[in-house]
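Colleague: Pasting in a structure now, in structure tokens, and then I'll have a few things to ask.
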Amino acid sequence: MNAFENFNLSSQLSKAVDELGFEKPTPIQTEVYNIILSGKDVVGIAQTGTGKTFAYMLPLLRDIKFSKQVHPRVLILVPTRELVIQVVDQIESLTKYLTIRTLGVFGGVNINTQKQNLVQGTDILVATPGRLYDLVVARALQLKAVKKVVIDEVDIMLDLGFRFQLTNIFDFLPDRRQSIMFSATMTDDVDVFIDDFFIAPAKIAIAVSGTPLNNISQKCYPVKNFYTKVNLLMHLLTDKNEYQKVLVFVSKKKKADSLFEALEENHGSETGIIHSNKTQNYRIKAVKQFDKGINRVLVTTDVMARGLDLENVTHVINFDTPNFPENYMHRIGRTGRAEKEGKTILFYTTKEQDAKEAIEKLMDYEIPLMDFPSEVGISKELIPEERPKDNSPNPNRNIKTVSRGAAFHEKKDKNKKTNQGGSYLRKMKTYKKPQTRGDKIMNRRKKRK
Ligand code: AMP
């Protein structure tokens, strides 16, 4: 009996799955199978190792028919060449008894060989976004036949700076298509991307449990602003016995850089930083020094911290409050490993209060609140995003601090409406509420003009 019996696979596909020797489908495979078959757009939050490649490949392969046409009908985008190779491998193991052609293309190797391979035709194309974009621009590849597009590890792709290529690739895709996306973490960038290119996607989250491990103790500090957070962190770090191996999470690269700069003065010799704008060598060195205990502190972004295998982290400091509660769970899971006791501290400003409450709701647990230590200085200096928006002619407005208030939270740019008098209304008249992907694309083109 086949453990994947309920999937109603063809005999060829079933045989290939049998040979892989899996006992049963993983949770993500069970969850997404029917939804992908139904043709709906899908957003899956799942990490590597959950079996997500087969989760999207099985329904896609059940659907795909033999064809002699040259242009690919299934496009799979992944961030790195290693993943291209791995995904092609997995697809080939599933298509062993099917007449389906699969091709992988990635950067860093001769493009001409890839162009020649494309001329032969393929059904499934697995690609990194940069090389794919180059091939399309060079007219070596047409995307008009793509019916299904999968983007895997979108968070990493966007963090690596592939937004431009991704956006352009999506503009080349036919409107009538199914879009499927997987990401391990939700970030603001990913959210915007979903908004732009997905139509009413089914959202499936796997692997994030809202139950933190019992051996992780949590607390939080209300903090006025960025530089006060720096002061508080420096104050905590003075206790070297307690804070032995500290992973500090910041959600944006630029902020991580500012924090690192601020820490350098007092803790420069014991602090490292990693994010995707740092070179690979720099990152490897920073992680090594932290892991070996040469550096006591490592500043990181959410996306970069994935895939790090760090031992004995004593403290996870959430220097900012993640907008997506799942990210908090990922972050704090970096401490308290292997039964050891771990500690985590969250800093939050008034603006981050809502995000903190969302985390508490997910965990069904109120993070114990600490008094702000009286010996820590409260900074008046504000970083640009903390300054009130300057929409009045009064030049003194900029130096006022943000007032506290339950209703105060920053709107996303796309949600900000400014009073533009009649012309705004006129513009809105030409804007069609998107019901189809074509409407979305038309609106985006209008916006760009
Ligand atoms: P992925 O999350 O796609 O990177 O897959 C991680 C690993 O899980 C791969 O090596 C797969 O071969 C394996 N895998 C996928 N599906 C299953 C399953 N149902 N049971 C056991 N292992 C699986």
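Colleague: From the list Val88, Val70, Val119, which one is in contact (Cβ under 8 Å) with a residue 12 or more places away in the chain and within 16 Å of the ligand (Cβ to nearest atom)?
Modeller: Val88
Colleague: Does at least one position in segment 113-123 carry a residue that is under 17 Å from the mean Cα position of the chain (by Cα) and of a type outside the set (Gly, Ala, Ser)?
Modeller: No: segment 113-123 contains no residue that is under 17 Å from the mean Cα position of the chain (by Cα) and of a type outside the set (Gly, Ala, Ser).
Colleague: Any residue in segment 100-114 that is in contact (Cβ under 8 Å) with a residue 40 or more places away in the chain and closer than 30 Å to Phe4 by Cα?
Modeller: no
Colleague: Of (1) in contact (Cβ under 8 Å) with a residue 12 or more places away in the chain; (2) near the ligand (Cβ under 9 Å from one of its atoms), Gly49 satisfies all except one. Which?
Modeller: Result: Gly49 passes all but (1).
Colleague: Pairs please, first residue from segment 261-275 and hydroxyl-bearing (Ser, Thr, Tyr), second anywhere and assigned to a helix (DSSP H, G or I), Cβ atoms under 8 Å, 6+ apart in sequence or on different chains.
Modeller: Thr271/Phe260; Thr271/Leu263; Thr271/Glu264
Colleague: For segment 52-67, name all the residues that are open to solvent by 30 Å² or more (accessible area, probe 1.4 Å) and either within 14 Å of the ligand (Cβ to nearest atom) or of a type outside the set (A, V, I, L, M, F, W, C) (or both).
Modeller: Those that are open to solvent by 30 Å² or more (accessible area, probe 1.4 Å) and either within 14 Å of the ligand (Cβ to nearest atom) or of a type outside the set (A, V, I, L, M, F, W, C) (or both): Arg62, Asp63, Lys65.
Colleague: Hey, another quick one. Scan segment 1-46 for residues that are more than 10 Å from the ligand (Cβ to nearest atom), assigned to a helix (DSSP H, G or I) and open to solvent by 60 Å² or more (accessible area, probe 1.4 Å) and jot them down.
Modeller: Answer for segment 1-46, where residues must be more than 10 Å from the ligand (Cβ to nearest atom), assigned to a helix (DSSP H, G or I) and open to solvent by 60 Å² or more (accessible area, probe 1.4 Å): Glu5, Asn6, Ser11, Gln12, Lys15, Asp18, Glu19, Glu31, Asn34.
Colleague: Oh, and also: If Gly161 meets every condition in (1) out of contact with any Leu (no Cβ under 9 Å at 6 or more places or on another chain); (2) at pLDDT 90 or above apart from one, which number is that one?
Modeller: The failed condition is (2).
Colleague: Identify, from the list Lys219, Lys229, Lys254, Lys285, the residue that is in contact with a helix residue (DSSP H, G or I) (Cβ under 9 Å, 6 or more places away or on another chain) and at pLDDT 90 or above.
Modeller: Of the residues listed, the single one that is in contact with a helix residue (DSSP H, G or I) (Cβ under 9 Å, 6 or more places away or on another chain) and at pLDDT 90 or above is Lys229.
Colleague: So which residues in segment 103-145 are of a type in the set (Ser, Thr, Tyr) and open to solvent by 30 Å² or more (accessible area, probe 1.4 Å), if there are any at all?
Modeller: Answer for segment 103-145, where residues must be of a type in the set (Ser, Thr, Tyr) and open to solvent by 30 Å² or more (accessible area, probe 1.4 Å): Thr113, Tyr133.
Colleague: Can you list the helices (runs of 4 or more DSSP H) lying wholly within segment 139-241 that have 3 or more residues being among the charged types (D, E, K, R) and outside the structural domain of Asn323 (by TED's automatic domain parsing)?
Modeller: 188-197
The values are calculated or read from the model by the stated rules, or taken from the named source; none is laboratory data. Here the structure is a predicted model, which means the values were calculated and not measured. All Cβ positions, even for glycine, are placed from backbone atoms using ideal geometry, and neighbour counts span all protein chains on display. Just the protein is used for accessible areas: all its heavy atoms, side chains included, with ligands, DNA and RNA removed. Shrake-Rupley method; radii C 1.70, N 1.55, O 1.52, S 1.80 Å.
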